[in-house]
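Below is one structure, written out as structure tokens; the observations come after it.
The values are calculated or read from the model by the stated rules, or taken from the named source; none is laboratory data. Small disclaimer: the values here were computed from a predicted structure and weren't measured. Glycine also receives a Cβ, built like all others from the backbone with ideal geometry; neighbour counts cover every protein chain displayed. These area figures cover heavy atoms from the full protein model, side chains too; ligands, DNA and RNA do not enter into them. Shrake-Rupley method; radii C 1.70, N 1.55, O 1.52, S 1.80 Å.
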Amino acid sequence: MSGKPRLTYLNGRGRMEPIRWLLAAAGVEFEEVFLQTKEQYDKLIKDGVLLFQQVPLVEIDGMKMVQTRAILSYIAGKYNLYGKDLKERALIDMYVEGISDLMQMILMFPFSPPDAKEKNLDSIKEKATNRYFPVFEKVLKQHGQDFLVGNKFSWADVQLIEAILAVEEKIPAVLSRFPQLQAFKTKMSNMPTIKKFLQPGSPRKPPPDDHYVETVLKVFKR
Amino acid sequence: MSRKPKLYYFNGRGKMESIRWLLAAAGVEFEEEFLETREQYEKLLQGGSLLFQQVPMVEIDGMRMVQTRAILCYIAAKYNLYGKDLKERALIDMYVGGTDDLMGFIMMFPFLSAEDKEKQCAVIVQKATSRYFPAYEKVLKDHGQDFLVGSNFSWADVHLLEAILMVEEKKSDVLSGFPQLQAFKARISSIPTIKKFLEPGSQRKPVPDDKYVETVRRVLRMYYDLKAN
């Protein structure tokens, strides 16, 4: 028994990716179990390990945690990435929730029908450049610090760098009007734990492809 | 000077209702400003008080908080409804995540096409009775305590009661296979602050009607139907 957190999910980004990012950013090593067949998933349900019959599942500190948000909050709290008091936590929560709304659009994108893909891509671009990125550009500009909250590295910073890179994969020039975010991206990418996570061979998963979409539909078919 | 929290939203349940429940359960009085016109919403936007251009927005302790989950977490922690340590918080977060997903199905209901509404009603009942209620029934049965987490009243209990009542509005006998949840419902409903919130004249909002849907569509210029998931 290694004591490392163990992640159960498909072999791809999906809802587990922010968890991989946060653990990696905190310098925490983890193991992964990949769901590849419906039978594996049905067995997990039958064994009663999935509280709401869903993954992500993270086995950590004797708990079988489900619900992405709950898992992320626990990791952030445990590894001191959740601010120093209630008000900093409130800011981190607001920023993380906003970014999460943007990431939700990216998460759903591979599953949109072919004739909706262009519209959805435009939507992602519009929301990123008009709603979300301007907020964080302004936050960073106003306090002039390296990190979003409390002058200290937190979950909010990890979530933002993940989102920036994910949007850039779809819209390469998306940061062109956001100098603060460009500088932020460089700084975060150079932090040792994140730099390591961005290198080949890390647990970071590639952008979803057709094979991933196929696997999702197969495993979760009811 | 302690000001009451002030809630900015439509005059209806939507995403603000869980916040009303939690403040009420904590015995915290609050004020409300109801969005009725597009002009009001644009004024809020121009004034810069909506971080991501969205409501709910709650003015509390000098902050203009947005994002329902962030607001709920803050209230829960401030009023000691978030467990005593990280592990209890983890359990509360997991349970609230489940009830949140369940209530999400109900929240989108008024904005679905007529055809999707019928299907969605069945989905809500099916998910409640085969996925969510069994989980909470088991939690209560296994530890035999009055509250979901750590033998203390918490956010998780408030959220579950809210979800139970919402599903019952769709199918009144939905708790028939769940004796623990029936007892839970009776217990939590009789907590003084909750009992008060359940009485007529409280700030609890009624089931969404056509007027509510019309107001939301008009203010947000959301004239399309949502897609059921």
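Give me a count of the residues in segment B:196-229 that are touching a Pro at 6+ places or on another chain (Cβ under 9 Å) and over 18 Å from B:Ile106 (Cα atoms).
Selection size over segment B:196-229: 0.
Go through segment A:112-134 and report how many residues are buried (at least 18 other Cβ atoms within 10 Å of the Cβ) and among the aliphatic types (A, V, I, L, M).
Residues flagged as buried (at least 18 other Cβ atoms within 10 Å of the Cβ) and among the aliphatic types (A, V, I, L, M) within segment A:112-134 amount to 2.
Which ones in segment B:94-152 are away from every other protein chain (no Cβ under 12 Å) and touching a His at 6+ places or on another chain (Cβ under 6 Å)?
Correct list: empty.
Name every residue in segment A:53-105 that is in contact with a Ser or Thr (Cβ under 7 Å, 6 or more places away or on another chain) and aliphatic (A, V, I, L, M), in order of residue number. Walk me through how you get there before you give the answer.
First pass over segment A:53-105, keeping only residues in contact with a Ser or Thr (Cβ under 7 Å, 6 or more places away or on another chain): A:55-57, A:81-83, A:92, A:105.
Across segment A:53-105, the qualifying residues are A:Val55, A:Leu57, A:Leu81, A:Ile92, A:Met105.
Between residues in segment A:156-183 that are in the same structural domain as A:Ser73 (by the TED database) and residues that are of a type in the set (Val, Ile, Thr) and modelled with pLDDT of 95 or more, which pairs lie under 7 Å by C-beta distance while being six or more apart or on different chains?
none
Taking segment B:14-28, which residues are open to solvent by 20 Å² or more (accessible area, probe 1.4 Å) and either at positive phi or touching a Pro at 6+ places or on another chain (Cβ under 6 Å) (or both)?
Passing the criteria: B:Lys15, B:Gly27.
Looking at (1) touching a residue at least 12 places away in the same chain (Cβ under 8 Å); (2) open to solvent by 50 Å² or more (accessible area, probe 1.4 Å); (3) within 26 Å of A:Pro5 (Cβ to Cβ); (4) within 10 Å of chain B (Cβ to nearest Cβ), which one does A:Lys84 not meet, given that it meets all the others?
Checking A:Lys84 against (1) touching a residue at least 12 places away in the same chain (Cβ under 8 Å); (2) open to solvent by 50 Å² or more (accessible area, probe 1.4 Å); (3) within 26 Å of A:Pro5 (Cβ to Cβ); (4) within 10 Å of chain B (Cβ to nearest Cβ), the one that fails is (4).
Being charged (D, E, K, R) and under 16 Å from B:Met166 (Cβ atoms), is that true of even one residue in segment B:101-109?
Of all residues in segment B:101-109, those charged (D, E, K, R) come to B:101.
With under 16 Å from B:Met166 (Cβ atoms) added as a condition, the list becomes B:101.
Yes: one or more hits.
When you scan segment A:69-78, do you find a residue that is open to solvent by 10 Å² or more (accessible area, probe 1.4 Å), more than 8 Å from every other protein chain (Cβ to nearest Cβ), touching a helix residue (DSSP H, G or I) at 6+ places or on another chain (Cβ under 9 Å) and of a type in the set (Phe, Trp, Tyr), even just one?
No, the conditions are met nowhere in segment A:69-78.
Return yes or no: is A:Arg13 buried (at least 22 other Cβ atoms within 10 Å of the Cβ), out of contact with any strand residue (DSSP E or B) (no Cβ under 8 Å at 6 or more places or on another chain), among the basic types (Lys, Arg) and more than 12 Å from chain B (Cβ to nearest Cβ)? Lay out the reasoning, then the answer.
Details: buried (at least 22 other Cβ atoms within 10 Å of the Cβ): yes; out of contact with any strand residue (DSSP E or B) (no Cβ under 8 Å at 6 or more places or on another chain): yes; among the basic types (Lys, Arg): yes; more than 12 Å from chain B (Cβ to nearest Cβ): yes.
For A:Arg13, the condition - buried (at least 22 other Cβ atoms within 10 Å of the Cβ), out of contact with any strand residue (DSSP E or B) (no Cβ under 8 Å at 6 or more places or on another chain), among the basic types (Lys, Arg) and more than 12 Å from chain B (Cβ to nearest Cβ) - is met.
Among the residues that make up segment A:45-54, is at least one of them within 21 Å of the chain's Cα centre (by Cα) and over 28 Å from B:Ser130 (Cα atoms)?
no
I'd like to check something: does segment A:142-153 contain any residue that is within 14 Å of another protein chain (Cβ to nearest Cβ), over 18 Å from the mean Cα position of the chain (by Cα) and open to solvent by 40 Å² or more (accessible area, probe 1.4 Å)?
yes
Matching residues to (1) assigned to a helix (DSSP H, G or I); (2) under 17 Å from the mean Cα position of the chain (by Cα); (3) assigned by the TED database to the domain that holds B:Met108:
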position: B:Gln145; (1), (2), (3): no, no, yes
position: B:Leu165; (1), (2), (3): yes, yes, yes
position: B:Gln182; (1), (2), (3): yes, no, yes
position: B:Gln203; (1), (2), (3): no, yes, no
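If we only count strands (runs of 3 or more DSSP E) wholly inside segment B:29-130, which ones have 3 or more residues that are open to solvent by less than 40 Å² (accessible area, probe 1.4 Å)?
On the way: elements: B:31-34, B:57-60, B:63-66.
Passing ranges, in order: B:57-60, B:63-66.
Any idea which residue in segment B:210-229 is most open to solvent (accessible area, probe 1.4 Å), counting only those that are free of Cβ contacts under 8 Å to residues at least 60 places away in the same chain and of a type in the set (Asp, Glu)?
Per the stated criteria, the residue is B:Asp210.
Checking the structure you have, find out if any residue of segment A:207-222 is in contact with a strand residue (DSSP E or B) (Cβ under 8 Å, 6 or more places away or on another chain) and either within 19 Å of A:Ile92 (Cβ to Cβ) or among the aliphatic types (A, V, I, L, M) (or both). Spell out how you get there, then give the answer.
Going residue by residue through segment A:207-222, those that are in contact with a strand residue (DSSP E or B) (Cβ under 8 Å, 6 or more places away or on another chain) are A:212, A:215-216, A:219.
If we keep only those that are either within 19 Å of A:Ile92 (Cβ to Cβ) or among the aliphatic types (A, V, I, L, M) (or both) as well, we get A:216, A:219.
Yes - at least one qualifying residue is present in segment A:207-222.
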